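The values are calculated or read from the model by the stated rules, or taken from the named source; none is laboratory data. Keep in mind the model is a prediction, meaning the values are calculated, not measured. In this analysis, Cβ positions are derived from the backbone assuming ideal geometry, glycine residues included, and neighbour counts consider all displayed protein chains. To get the accessible areas, we keep the full protein, side chains included, count just its heavy atoms, and leave off ligands, DNA and RNA. Shrake-Rupley method; radii C 1.70, N 1.55, O 1.52, S 1.80 Å.
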Protein chains: 2
Amino acid sequence: LKNRLAALLGLVVFPAFSQSSPPDQLPLMPWPAALSVQSGSAPIDSSFSVSAAGAGAADPRVKTAIQRLFIRLSRQTGVPLLPHVVAGAENGTLNIVVEQKDHASPQRLGDTERYSLKVTEGRIRLSADAPLGALRGIETFLQLVQQNSSAGAGSSASPGFSAPSIVIQDEPRFEWRGLSLDVSRHFIPAEEVKRTIDGLAAVKLNVLHWHLSDDQGFRIESKKYPRLQQYGSNGLFYTQAEVRDVIAYARERGVRIVPEFDMPGHATSWLPGYPKLGSGPGPYEIERGHGILSALMDPTNEGTYRLLNGFVGEMAKLFPDEYFHIGGDEVSPKEWNDNPRIQAFMRKQHLADAKALQTYFNQRLLKIVTRHGKKMEGWDEVLQPDLPKTILIQSWRGQESLWQAAREGYKGILSAGYYLDLMQPASQHYAIDPMKLPPEMQKRLEQQGKTIPPELTPEQRKNVLGGEAAMWEELATAENLDTRLWPRLAAIAERFWSPESTTGVASMYARLEVTNRWLEWLGLTQRSNLELMRQRLAGKAPYQPLDRFASVLEPVKGYARHAEKYTSTTPLNRLVDSIAPESEAARRFRDEVDQYLTAPKNPGNAELLRQHLTLWQEDAAAVRPVLESNSLLTENLAVADALVSLCQTGKEALDYLDSTKQNADAGWKQRSMSLAEEAGKRHGDILIPIAPGVQALIQAVAAVP
Amino acid sequence: LKNRLAALLGLVVFPAFSQSSPPDQLPLMPWPAALSVQSGSAPIDSSFSVSAAGAGAADPRVKTAIQRLFIRLSRQTGVPLLPHVVAGAENGTLNIVVEQKDHASPQRLGDTERYSLKVTEGRIRLSADAPLGALRGIETFLQLVQQNSSAGAGSSASPGFSAPSIVIQDEPRFEWRGLSLDVSRHFIPAEEVKRTIDGLAAVKLNVLHWHLSDDQGFRIESKKYPRLQQYGSNGLFYTQAEVRDVIAYARERGVRIVPEFDMPGHATSWLPGYPKLGSGPGPYEIERGHGILSALMDPTNEGTYRLLNGFVGEMAKLFPDEYFHIGGDEVSPKEWNDNPRIQAFMRKQHLADAKALQTYFNQRLLKIVTRHGKKMEGWDEVLQPDLPKTILIQSWRGQESLWQAAREGYKGILSAGYYLDLMQPASQHYAIDPMKLPPEMQKRLEQQGKTIPPELTPEQRKNVLGGEAAMWEELATAENLDTRLWPRLAAIAERFWSPESTTGVASMYARLEVTNRWLEWLGLTQRSNLELMRQRLAGKAPYQPLDRFASVLEPVKGYARHAEKYTSTTPLNRLVDSIAPESEAARRFRDEVDQYLTAPKNPGNAELLRQHLTLWQEDAAAVRPVLESNSLLTENLAVADALVSLCQTGKEALDYLDSTKQNADAGWKQRSMSLAEEAGKRHGDILIPIAPGVQALIQAVAAVP
């Protein structure tokens, strides 16, 4: 009955974690480097207090983290906690020891993040070498605190919260673990950037790469060159005061901020204010469309370097981080090729082609960046001969190009495979490892007859510093940003932090679900804002049917949604904008189908599948009046109808598979497969991700002679 | 089928509003004074712009309201809107005319709020005499903007939003329309106070009465007497900078802030810092318990008045409003009676009793308040002979005492009947009118042989300025504050604003539901935070069953939950804290039962009821594992079991009522009624509000011979 009812509710009963559960079910994410679970627990109640000792305990980051700890623990338990910091190294409920004082500089690559956390005999001890480790350990501690489980009425478990007895030794696998956030294509206000930093810190990421300029908007105030934001932003930019505030906010949470100004391509928004920077005839406007656009900076104009010198100097002062990202990706050479003056310059300088001209530009830019005390970072394309080994390569092309750089002695980070805007499932990102060649890439190289790149030597491996997820904002806004980042970013964070061997997908998803809920206590809105958006769509009709319908839908993947019709002013207020990138229900259904097909005669499995399909069919029928009555929803009627038929066909397939008497005729097999294939295609911008599961059921019927 | 599926989802399909709907179904709340709906509409799309003209258009409140309008409209439609204010009085999509400049003083009682709003032929015109009217009209405009309805696929309605053609003439019935907010028993941070002000302004309330001190906490910084907050607040208080910020925030939204410092009772939190103010022997501590407590200020000590003079002077400068609330309620005279020095003073001054001593105190306080340029306000008890007519009475006792004051020439406002912390349904508050004697009060007076107070004369009616809802925070925190205020406060706001004749409960509930969703776009969290709280309770188990179970539960009403065990440090993190005061589903069920019993042979009605009961029964069974596995939820197992039995009994009653063959035997009738009565009683702090509906069904069976 429990299963039947759970199925009726569209749920699978989630395995309860308990102290007897296997340790990999503790809701920790990223998973620690080493961990052993013991029996017992430390209660967390209104008497909770903290002590802090050691030379590093006075660090402002540690002090403010402790203040935040009380607030967060209070929210996540509902227990009113006043900040209660006690004197004496061992007198608190949680005793924090931070051995060393940190250097006085801004947070640097390689600052140690190691910590250990021990919960034994009702006492909790967090030890760290340095302040950053204390910050990371506090997040782990907060994840450990869970409501006491109970064995039902009359159980002896006291109502409340506790942390299980455990010993954790933890440190990150990679030292550069980031998120690249595009705020140009749609502006993300400072408040949301800060909220994102909360999330990064919670899952132990340590870099926010702030993609501040692109064709569609110049998002930062320059006091030296104010026409940049005045003409390039539609008023949507960060003041320098806001930037300083965000940087301080990030520092308190152990997150570095690396600014990016994309040059010489992806630079249209510089040009309405300073058209002389451009290589084309102008006039220039802020770009509303997307893609690789033609506007380029003019690398042959000395005025370009004068302005860049002034601008980089200004930004180098504003941003304390040692790295400065100059973009450098996706240069389409048309404007250079069409400009006779630029062509003449190239001939004179013996620059054979646009690539050579970009290298020339990069070398000039490198001098400027270096003069202002920064290390230069750029996307793959900047990696050209004659650049010094100090530059850092961010690879959007993949392990092949990243490893090539590492072999040549360049440091690099991987972003390929971690693009969150492509709406791929968490498992897909989770499978990508900076140190492993993805099977598809290997296959492709083989097909192309190319050499499979050899493994890196231990020395070369050191050049791979880590990775960055990326969120490009063509089709997302501040409103649904959280839903595009979370929870999938937490799985990527685990890839960057946890040991290479941490690869279990089932464990990842189980922990991701709890982590996702936990992140909402930070104020992240991945669930609540989608609900709000669907309420807006439901208008005056009930919104619950839309919520249930949405739970088995996903947006189309990859670049399938990018079409001429989208510009940066297109409203992103449709159903596709209001659904999660990955459907939990569909993922589980696929697992259940696999289980069923492994053991088709288990009547419980079949019954569960049948109940899911029945419920989804009813939901899709129930949502019809809501879709019919609202002008923004009518486009989704076809999805609802396809879902109804798909579920019906799936149930028929189950009937055939369950029955020993009756075989499906060829006509049914053909009709059903074709129907399920149609249902599996895109419906506008929406997919029905249960289609593959139903297809598998039909194939199983078809396999019966 | 549509109904069956809707029932399966626990829903009633909400009647879609359309331009052909009766006008009282437009989602406006409070309902305007006069309105006529016409055919047609004005589209609201990304070209939306505003013009502002007239002498009052330059008022900062109007200018910032227009800036906010773009942001809010953008959120509520999902259409990206940049602030687009055009020159010329008639060139915008929305053309605002504000005839007069306002006086330069702080917002005053009686400042006109009148406006008219016309949507005709695709143009929108908002006219107001003065800035406040423009603010009120903008809220009405925002409520009018709804998604275009559609007649399904292929419908000609263009996808998007519009405002229907309409003419509205509007002004408030009462000039004082407020919320009294207790921030002492549980502290409400400034951020939440500002969010509450957003909500007040949205439903056209114009006073936030800030109850800043009480026994459980002194919540404001005094620079003159810093021991007040240092010893009286546990660090939970507003700095003066925060207070100024909140006041400015409220002014921008047309909301006055009236501070209250409750004296001489409800004043424990003054005394840890300044024990000499007290009438007892001390020592004093911040009070953790609730109720009418014994600590009183000493009205016989000249030092009391010296401190109060200094303190009131400081606060009078900080708070610009003309009114200053001195509390004055619930004085329990024990400390005065027990203190020989105070008794001697009373004899000397010929003060017969504690009441007379309090009047003496009030008269001294009045002089202080007046000296600092303020009008004094107090609760009923301050109304004693010899006080001047300038004071304002806030009545928590009811119309009888309010009218008495009005007859004597005192101005007054009503709070009795509007206590939101008592968890009553919106309809109950909505039925209370400052100008009408509630039937129960009339009955009680008749039973007691007392005179029924006569209606007020037109002149006396002018002394009734309006009313204030009140939210006392014994059992609420910042976390669930919004859920206790909204949406019920919107129904009270309608009572204060709309014509006396606006009393239709069905219309109110229909509009309240849409208004409730609309309010969430302001950032209010009445839905989202309850979900978050239930997720916390669900722990690692699925939370959806808990959401569904919670939808047919309500907290106990009135003071039923106040018991010894609650103090201001008790965690308010249980299921009762995480459910809405009023169950939508239960309200509708009761209506459907009434409908069914009026026409018992309508099989559709019976089927609907049966489906609801079946679903709730299944939900209550499905939630059992969640309740069993979490230590904070086991206390609710009895509710789930009672709900299962109740639904079963309800279905049996329907079976008897539907069948012509079979009659229930006396045993069934008795067993069932007793079961349903038990289910209708409190289960811990929780009620099952569908019990009365099931009882009605059983009674109908019992009525069959």
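Among the residues of the range A:535-555, is any within 28 Å of residue A:187 (Cα to Cα), in a loop (DSSP other than H, G, I, E, B) and open to solvent by less than 20 Å² (accessible area, probe 1.4 Å)? Scanning the range A:535-555, I find at least one residue that is within 28 Å of residue A:187 (Cα to Cα), in a loop (DSSP other than H, G, I, E, B) and open to solvent by less than 20 Å² (accessible area, probe 1.4 Å), so the answer is yes. Scanning the range B:653-675 for residues that are of a type in the set (Asp, Glu) and either assigned to a loop (DSSP other than H, G, I, E, B) or closer than 27 Å to residue B:557 by Cβ (or both) returns a single hit, B:665.
Of the strands (runs of 3 or more DSSP E) lying entirely inside the range B:1-108, those containing at least 3 residues that are away from chain A (no Cβ under 14 Å) and at pLDDT below 95 are B:34-44. Checked against (1) more than 8 Å from chain A (Cβ to nearest Cβ); (2) acidic (Asp, Glu); (3) farther than 20 Å from residue B:624 by Cβ, residue B:547 meets all criteria but (3). Only one entry of B:611, B:648, B:595 meets the criterion of being among the polar types (S, T, N, Q), within 32 Å of the chain's Cα centre (by Cα), closer than 30 Å to residue B:506 by Cα and more than 8 Å from chain A (Cβ to nearest Cβ), and that entry is B:595. Yes or no: residue B:619 within 14 Å of chain A (Cβ to nearest Cβ), part of a helix (DSSP H, G or I) and surrounded by fewer than 18 Cβ atoms within 10 Å (Cβ to Cβ)? For residue B:619, the condition - within 14 Å of chain A (Cβ to nearest Cβ), part of a helix (DSSP H, G or I) and surrounded by fewer than 18 Cβ atoms within 10 Å (Cβ to Cβ) - is not met. Restricting the range B:233-258 to residues that are in contact (Cβ under 8 Å) with a residue 12 or more places away in the chain and within 14 Å of chain A (Cβ to nearest Cβ) leaves a set whose member that is least open to solvent (accessible area, probe 1.4 Å) is B:233. Restricting attention to the range A:156-210, the residues that are part of a strand (DSSP E or B), away from chain B (no Cβ under 14 Å) and not hydrophobic (A, V, I, L, M, F, W, C) total 8. Note on the range B:129-155: residues that are modelled with pLDDT under 95, in a loop (DSSP other than H, G, I, E, B) and open to solvent by 30 Å² or more (accessible area, probe 1.4 Å) amount to 4. Looking at (1) under 30 Å from residue B:173 (Cα atoms); (2) out of contact with any helix residue (DSSP H, G or I) (no Cβ under 6 Å at 6 or more places or on another chain); (3) open to solvent by 20 Å² or more (accessible area, probe 1.4 Å), find the lone condition where residue B:470 falls short. Evaluating residue B:470 over (1) under 30 Å from residue B:173 (Cα atoms); (2) out of contact with any helix residue (DSSP H, G or I) (no Cβ under 6 Å at 6 or more places or on another chain); (3) open to solvent by 20 Å² or more (accessible area, probe 1.4 Å) leaves (3) as the failure.
When the residues of the range B:627-639 are filtered to those that are in a helix (DSSP H, G or I) and either touching a Gly at 6+ places or on another chain (Cβ under 6 Å) or at the interface with chain A (Cβ under 9 Å from one of its Cβ atoms) (or both), the one that is surrounded by the fewest Cβ atoms within 10 Å (Cβ to Cβ) is B:638. When you scan the range A:434-441, do you find a residue that is more than 20 Å from residue A:421 (Cα to Cα), within 10 Å of chain B (Cβ to nearest Cβ), open to solvent by 20 Å² or more (accessible area, probe 1.4 Å) and part of a loop (DSSP other than H, G, I, E, B), even just one? No. Considering the range B:489-519, the residues that are in contact (Cβ under 8 Å) with a residue 40 or more places away in the chain and not in a helix (DSSP H, G or I) include one that is farthest from the other protein chains (Cβ to nearest Cβ), namely B:500. Reported count of residues in the range A:676-693, each being outside any helix (DSSP H, G or I) and either closer than 16 Å to residue A:422 by Cα or open to solvent by 30 Å² or more (accessible area, probe 1.4 Å) (or both), is 8.
Filter the range A:651-677 for residues that are polar (S, T, N, Q) and closer than 18 Å to residue A:691 by Cα; which is farthest from the other protein chains (Cβ to nearest Cβ)?
This residue is A:670.
Scanning the range B:588-601 for residues that are of a type outside the set (Asp, Glu) and touching a helix residue (DSSP H, G or I) at 6+ places or on another chain (Cβ under 7 Å) returns B:589, B:590, B:593, B:595, B:596, B:597, B:599, B:600. Looking at the range B:264-318, which of its residues are open to solvent by less than 40 Å² (accessible area, probe 1.4 Å), more than 16 Å from residue B:217 (Cβ to Cβ) and part of a loop (DSSP other than H, G, I, E, B)? Answer for the range B:264-318, where residues must be open to solvent by less than 40 Å² (accessible area, probe 1.4 Å), more than 16 Å from residue B:217 (Cβ to Cβ) and part of a loop (DSSP other than H, G, I, E, B): B:264, B:279, B:280, B:282, B:296, B:298, B:299, B:300.
Would you mention how many residues in the range A:323-378 are at positive phi and among the charged types (D, E, K, R)? Outline the logic, then answer.
Within the range A:323-378, the subset at positive phi is A:327-328, A:330, A:350, A:373.
Narrowing further to those that are among the charged types (D, E, K, R): A:330.
Of the residues in that region, 1 qualify.
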